[in-house]
1. Starting from 0.36 nm per residue, how many nanometres of slack lie between residue 199 and residue 27 once their C-alpha separation is accounted for?
2. Rounded if a/c is under 1.5, else prolate if a/b beats b/c, else oblate: with a ≥ b ≥ c from the C-alpha gyration tensor eigenvalues square-rooted, which is the stretch 28-129?
3. About its Cα centre, how strong a charge dipole does the chain have in debye, to the nearest 20, once Lys and Arg get +1 and Asp and Glu get -1 at the Cβ?
4. So which lysines pass the test for residue 25, namely a Cα distance under 17 Å, with those fewer than 8 places away in the same chain ruled out?
5. To the nearest 20 debye, what charge dipole does the stretch 158-268 have about its Cα centre, counting +1 at the Cβ of each Lys and Arg and -1 at the Cβ of each Asp and Glu?
6. Let me have the relative contact order for the chain, percent, based on Cα pairs under 8 Å that are six or more residues apart.
7. If you roll a 1.4 angstrom probe over the protein chains with everything in place, what fraction of the accessible area of the stretch 1-127 belongs to carbon and sulfur, to the nearest %?
8. How far is it, in nm, from the label point at residue 206 to the one at residue 117 when both lie 7 Å from their Cα along the line to the Cβ?
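The values are calculated or read from the model by the stated rules, or taken from the named source; none is laboratory data. What you see is a predicted model; the values in this text were computed from it and never measured. Reconstructed Cβ throughout: ideal geometry from the backbone, glycine too, with neighbour counts over all protein chains shown. Ligands, DNA and RNA are stripped out before the accessible areas are found, and what is left, the full protein with its side chains, is counted by its heavy atoms. Shrake-Rupley method; radii C 1.70, N 1.55, O 1.52, S 1.80 Å.
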Amino acid sequence: MIGYLLAILSSLFFGIYIIPKKLVKIKTKYYLFYMSLGFVIMSLTVYLLTLLIGKNNESLFHPVLILVILRGISWFLASNLFLISIDKIGMSRSTQYKNLKGPLGVLLTLIFLSEFKVTNVFLVLLAALLTFTSALLFTIKKDNHKIDKSGIIYAIVASLFLGFNALIQKYITNYGFIYTQHLYQSITIMGVSFIYLIIKDKNLTTLKSIKNKDKILAIIGGLLYYFATYFNTLAYKQLPASIAFTIINISGVWSVLIGILIFKEIDFKKNYKRISTGILLSVIAVIILLFGKN
């Protein structure tokens with residue numbers, strides 16, 4: 001039961017860590033750099049703290065940790081595309097298309113990590129299908145305006161990278177790496193973000209002109225993301241990834257609620273039937289997954 005609670009907690013943080021992006025007025029590439037800085041600060045702090053209190057016996061050098069670099073790069077690409085999608089079609093809609101990563105991640109872990117041996121494949125796939133259907137129900141046009149199709153494409157491509165990212169994360173977690181994994185991932189993301197800025201801007205003078213408020217909000221986004229991926233990793237230690245990942249994918253529900261209640265992206269009164277049905281399907285999916293582990 002602890003694994004299920006950790007997965008739900010992770011989904012909550014995955015739902016709220018993107019809120020700061022809606023509050024800043026800077027380009028995605030600058031936001032990602034400062035967000036990655038927040039991620040590094042939190043990862044390094046937790047790593048050192050767990051060393052001091054004797055809760056961290058992880059090695060800093062292990063062949064499997066090379067995969068963390070791939071995970072960091074895939075996450076950077078996915079996040080860059082996802083945040084651009086948010087700017088184009090809104091937080092609530094982009095999250096639902098991004099959540100196509102759910103069925104993809106489930107299939108990858110069932111096949112490549114042989115999780116079909118320890119899960120009820122039928123129930124897991126049914127839950128993934130319900131979660132995906134829930135996402136489709138949340139895909140609502142705004143006041144009869146056309147949705148920017150490029151935003152949809154960005155979110156879908158982001159989901160492909162995130163599905164691959166989930167497979168790597170679970171594989172590394174199976175080796176017992178938590179704090180080292182987060183530390184290396186955050187450093188990789190910040191390094192890639194820095195290189196990307198140099199390539200795009202040729203210099204870093206623009207970083208100096210960004211308002212402190214926007215910098216702080218982006219860093220807060222990185223801190224929130226740390227907790228999302230931290231609880232995600234702990235859930236992976238307790239549950240098969242195919243189950244944990246499907247539950248974590250319910251972050252789309254939180255994003256929709258935030259988009260409706262805070263940013264008024266969707267008119268709830270006009271679409272309450274679709275939204276209510278979508279939330280109900282997500283809850284049913286979680287209940288089904290309670291019986292998904294053999």
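1. Result: 60.4 nm gained on full extension.
2. Oblate is the answer for the stretch 28-129, as a/c is 1.5 or above yet b/c matches or exceeds a/b.
3. On the way: 30 positive and 9 negative charges, 177 e Å.
The calculated dipole for the chain is roughly 860 debye.
4. By straight Cα distance, residue 25 reaches 88, 208, 211, 213, 215.
5. 340 debye
6. This gives 43 percent for the chain.
7. For the stretch 1-127, the apolar C and S fraction of the accessible surface comes to 76 percent.
8. Between residue 206 and residue 117, the simple spin-label model gives 4.9 nm.
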